[in-house]
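The structure under discussion is supplied below as structure tokens; questions concerning it will follow.
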Amino acid sequence: MNPLDLLYGAGGAWLAAALAGLLAGSRRPGLLTCCAISALGGAVALAGGCWSLIYGNTPVVTPGGAAQTITGGPLQLQATSLAGVFVAVLGIVAVAIAWYAPRYHEPGRGTALYLAAFNLALLACLAVLAAGGMVTFLIAWETMSLACYLLILRHPRSDASARGAFWFLALSEIGFLLVVAAFVILSAKTHATALDAIAARAHLAGGGWRAAAFLLALAGFGFKAGLVPLHVWLPEAHPVAPADGSAFLSGLVVKLGVYGIALFAFRLDPVGGAWPGLVTMGAGAVTAAIGILYAMRERDIKRFLAYSTIENTGIIVTAFGAAMIFHAYRQPALYAFLLIAGLYHVANHGCYKTLLFLEAGVTEHAAGTRDMDRLGGLVHRLPRSAVITFVGTLGIAALPPLNGFVSEWLIFQGLFQGFRTGSHLIAILIVLAAATLGLTGGLAIYAFVRGFGIPYLGMPRTRQAADARERGQPLGGPALLAVACVALAVGAPVVLAALSRTARTVTGVSLGPLLLPGELTVLPAHKDFSAFSPTYLAVFLVAACAVPALIYLAGRPRAESVSVPVWDGGMVSFRPRMQYSAMTFAAPTRVTFDALYRPAVSVRRASDDDPAGRSGPVHYEAQVTPVFERYLYRPVIRAVEWLADAVRPLQSGDVNLYLLYVFAVILLAYLVGAL
């Protein structure tokens, strides 16, 4: 079966789900029907994406017509191996959210409109990934942005929602203009609109034009992917969107920006030379480091996860940039290997980040807040949720044996082979990128010890946290994603075998035994470097953890347990306020990187004569404005406001003056034409 047929089925299911949600989503049966149809579409998309990895690229077709190559026209579709990974992620994210939504949303008119917009967003994302032509891609891309804008604007009367939605839409439109410019350059120089034809004729465009197109695409798609400094919409939009909307934005929509970068870098416009790869790798490494550093200062769980998404996007883009460098230095094995590693991380991040955003919604539902410093002790009140979140935390912190460890290990093993380029300078730059990701990885572990430990361990810090209950919470979708995280780790050889087919389709390089020599072992493209088995590692760690448990159970005393007080440093009673807070836990990082954060600190005391606080409480507040917002976006906003004020007199309401404007423009056009 052609994988495009499965994608037709998924698209039809999501269109039907959108109609069902719009017409009947205000009642419980209609909501359940909408989510069931949406889950069916997700399952079909998951199957279609996995099949695309193995099948390869299909011919460009028109819907319902015979397969044919189209060089023009408004609608062109194609299932490609490169897009297959992203389609599979789209499918599993859709299934998980459809399972989650009925218990998260209450039936109502707002929910009906939201579900309709969500399923249309799914359909638009699928159209982006199945686009076989420039026009189809751009129309689908803009439709996806508008549908996602509606998801963020779920509560339109909230100022925070309006602000987050505006940031998303404004930066999306700027990025869209850059993407259009990139496509127009390639289309004009190749005299084609079908993506296959553009890729085949890319050599007709001069080196300068191809470089310009790639840089425009990197910046344009970088807005959606969240590359620094184009990332500011993520921490604004994610907290205000519903939990499933945030999960969709982070798990899939951000990945479409990554897909666009990969589309230009590996298929449409592979620019010669090492500099495009260096620019891409540098942007990715800086993005990863900045993302995790700003995540460390956040108390809001969803803002924390939004900055973590920026970090993981940086890791993926770093891998893609390094792959481009190895291609320029004629290292085809490492070129294909790092492409595989980057795509593997796309799948992994799509699963565990969607899981964590959905669990953030569970926490907010159960405890009424997302503020880490108002939570605590949830492991006793939300035990199943804690286990699911712990699986996602292990994955995103890249700790063995979960899936994040596997893909990041592959990326590091590729970067550590920079010496194979033969250039000392390039090798040093690649190692610097690896060192930056190493710092990022260490901070990520630190950040997610905080992100899990503060809300789930210790004592409840507020009455809301103490009263949290798990009954009725939507856990099915996150549990499915937790199983997917484990499967992606234990089944790494199977995943890599499928991704190697994708790499062969995209790059023409067949790694074969250079990647999977047998016996569940993975090699980083060269036999003389390193090797490990994710499957055996997972089995060993599980067995190692089981041994102490078995010893405990076998030697457990049969007598009745007795509880006695223990020495606690002389404290009469331990109170929740004595625990580490999220901010104090992150204090070493905040102090070390104070030059980056530059916080505005405010200290208020009951008496200025009592700096130690003996006469009353001391209130300490630190507010951090991100450096890019302070020095880049705020000046731009002020300039736009000044320009708007300057041209406002032109809008006088006088019809005669408007006619004069029209006459002046026409006269100017004639003069320009005469020249």
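The values are calculated or read from the model by the stated rules, or taken from the named source; none is laboratory data. Keep in mind that this is a model prediction, so the values were computed, not measured. Note: ideal-geometry Cβ built from the backbone for every residue, glycine included; neighbour counts use all protein chains shown. When the accessible area is computed, the model is the full protein with side chains, heavy atoms only, and any ligands, DNA or RNA have been set aside. Shrake-Rupley method; radii C 1.70, N 1.55, O 1.52, S 1.80 Å.
I'd like the distance between the alpha-carbon centres of the range 233-266 and the range 392-406, rounded to an integer number of Å.
A separation of 20 Å, based on Cα centres.
Could you order peptides 621-628, 236-243 by the average number of other Cβ atoms within 10 Å of their residues, highest first? Walk me through the intermediate numbers first.
Numbers: 621-628: 14.1, 236-243: 24.2.
Descending packing order for the listed peptides: 236-243, 621-628.
Among the lysines, which have Cα under 24 Å from the Cα of K527 when same-chain residues fewer than 8 positions away are ignored?
Leaving aside lysines fewer than 8 places away in the same chain, none come within reach of K527.
Under a straight-distance cross-link criterion of Cα-Cα below 27 Å, which lysines are reachable from K189, leaving out those fewer than 8 residues away in the same chain?
Leaving aside lysines fewer than 8 places away in the same chain, those within reach of K189 are K224.
Follow-up question, since we're still on this one. Return the tail of the calculated pair distribution for the range 284-326, meaning the percent of Cα-Cα pairs more than 16 Å apart. Numbers along the way, then the final one.
Numbers: 328 of 903 pairs.
Summing the P(r) of the range 284-326 above 16 Å gives 36 percent of all pairs.
Sort 455-466, 352-363 by the packing proxy (mean of other Cβ within 10 Å over each peptide's residues), most packed first. Write out the running numbers ahead of the final one.
Numbers: 455-466: 19.0, 352-363: 28.3.
So the peptides 455-466, 352-363, ranked by packing, come out 352-363, 455-466.
Next question. Multiplying the sequence separation of T62 and R330 by 0.36 nm and subtracting their Cα-Cα distance, what value in nm do you get?
Numbers: separation 268, 0.36 × 268 = 96.48 nm, distance 3.75 nm.
This chain segment gains 92.7 nm when fully extended.
Please say if the range 250-317 is rounded, prolate or oblate, where rounded means a/c under 1.5 for a ≥ b ≥ c the square roots of the C-alpha gyration tensor eigenvalues, and otherwise the choice is prolate for a/b larger than b/c and oblate otherwise?
Numbers: a/c = 5.74, a/b = 1.89, b/c = 3.04.
The shape class here is oblate.
While we're looking at this one, here's another question. Out of residues 5 or more away from A131 or on other chains, whose amide H comes under 5 Å of its own, with H placed 1.01 Å from N in the peptide plane?
When sequence neighbours closer than 5 places are left aside, the close amide H contacts are Q78.
For the pair A543 and R28, what calculated FRET efficiency results from E = 1/(1 + (r/R0)^6), where r is the Cβ-Cβ distance and R0 = 41 Å, to the nearest 0.05? Please report the intermediate quantities before stating the final value.
Values: r = 46 Å, r/R0 = 1.12.
The calculated FRET efficiency here is 0.35.
Let me ask another. Treating cross-link reach as a plain straight distance, find the aspartates and glutamates whose alpha-carbon is under 16 Å from the alpha-carbon of K302, omitting any fewer than eight places away in the same chain.
E236, D244, E311, E359, E364, D371, D373
May I ask you to derive the relative contact order of the range 214-322, considering only C-alpha pairs under 8 Å and at least 6 residues apart, and to give it as an integer percent?
On the way: 150 pairs, mean separation 37.9, N = 109.
RCO, the range 214-322: 35 percent.
Taking the full set of protein chains and a 1.4 angstrom probe, give the accessible area of T193 in square angstrom, rounded to the nearest 10.
For T193, the solvent-accessible surface is approximately 30 Å².
If you compute Cα Rg over 2.2 N^0.38 Å for the structure shown, which of [x] 0.88; [y] 1.55; [z] 1.01 do you land on?
The calculated read-out lines up with [z].
Next question. If I model a spin label at L19 and D5 as a point 7 Å from the Cα along the Cα→Cβ vector, what separation in nanometres do I get?
Using points 7 Å along Cα→Cβ, the separation is 2.3 nm.
Compare D654, D300, D269 by solvent-accessible area with a 1.4 Å probe and give them largest first, with all protein chains kept in place.
Working: D654 70, D300 40, D269 0 Å².
Order by accessible area, largest first: D654, D300, D269.
I would also like to ask the following. Around F532, under 14 Å between beta carbons, what's the net of Lys plus Arg minus Asp minus Glu among the other residues? List each step's numbers first, then the result.
Details: positive: K527; negative: E408, E519.
Net local charge, F532 excluded: -1.
Take the Cα atoms of the range 16-148, build their convex hull, and give its volume per residue in Å³.
Values: hull volume 13.1 nm³, N = 133.
Here the figure is 99 Å³ per residue.
Starting from the exponent 0.38 and prefactor 2.2 Å, build the expected Rg for the range 107-249 from its residue count and divide its actual Cα Rg by it.
On the way: Rg = 16.9 Å, N = 143, 2.2 N^0.38 = 14.5 Å.
Relative to the 2.2 N^0.38 Å estimate, the range 107-249 comes out at 1.17.
Quick one: order H327, H231 from most to least accessible surface, probe 1.4 Å. Display every interim value, and only then the final one.
On the way: H327 95, H231 5 Å².
Listed by decreasing accessible area, they come as H327, H231.
Compute the distance in nm between two label points, each set 7 Å from the Cα along the Cα-to-Cβ direction, one at L596 and one at L432.
Distance between label points: 1.6 nm.
With the Cα gyration tensor of the range 460-546 giving a ≥ b ≥ c as the square roots of its eigenvalues, does the rule (a/c under 1.5 for rounded; else a/b larger than b/c for prolate; else oblate) give rounded, prolate or oblate?
Numbers: a/c = 3.54, a/b = 2.19, b/c = 1.62.
It comes out prolate by the Cα gyration axes.
Grab the beta carbon distance between E621 and Y661, set R0 = 41 Å, and tell me the FRET efficiency rounded to 0.05. If you can, show how the numbers build up before the last one.
Working: r = 51 Å, r/R0 = 1.24.
That pair, E621 with Y661, gives E of 0.20.
Just check the range 245-366 against the gyration tensor rule for me: Cα atoms, a ≥ b ≥ c as the square roots of the eigenvalues, rounded for a/c under 1.5, and otherwise prolate or oblate depending on whether a/b exceeds b/c. Intermediate values should be presented prior to the final figure.
On the way: a/c = 2.94, a/b = 2.15, b/c = 1.37.
Prolate, since a/c reaches 1.5 and a/b exceeds b/c.
Next question. Per-residue counts of other Cβ atoms within 10 Å, averaged by peptide: what ranking do you get for 656-665, 48-57, highest first?
Numbers: 656-665: 10.2, 48-57: 22.3.
Those peptides, ordered most packed to least, come out 48-57, 656-665.
Subtracting the Cα-Cα distance from 0.36 nm times the residue separation, let me have the gained length for A646 to R605 in nm, one decimal. Numbers along the way, then the final one.
Numbers: separation 41, 0.36 × 41 = 14.76 nm, distance 4.56 nm.
The span from A646 to R605 would gain 10.2 nm if fully extended.
Show that you can apply the helix-only estimate: for the chain, add -39,500 (n - 2.57) for every DSSP H stretch of four or more residues, divide by all residues, and state [θ] at 222 nm to the nearest 500. Working shown, then result.
Values: 27 runs with 447 residues, N = 675.
My calculation for the chain gives -22000 deg cm²/dmol from helical runs alone.
Remind me, relative contact order of the chain in percent, using alpha carbon pairs under 8 angstrom and six or more residues apart?
Averaging sequence separation for qualifying contacts and normalising by length gives 11 percent for the chain.
Right, next: Taking a 1.4 Å probe, which of R103, R501, R420 shows the most accessible area, and what order do the others take after it? Let's see the in-between values first.
Values: R103 140, R501 90, R420 50 Å².
Highest to lowest solvent-accessible surface, that is R103, R501, R420.
Ignoring solvent entirely, what values of log10 I(q)/I(0) come out of the Debye formula for the range 326-383 at 0.28, 0.29 Å⁻¹ when each Cα is a single scatterer?
Rounded to two decimals, the profile gives -1.05, -1.07.
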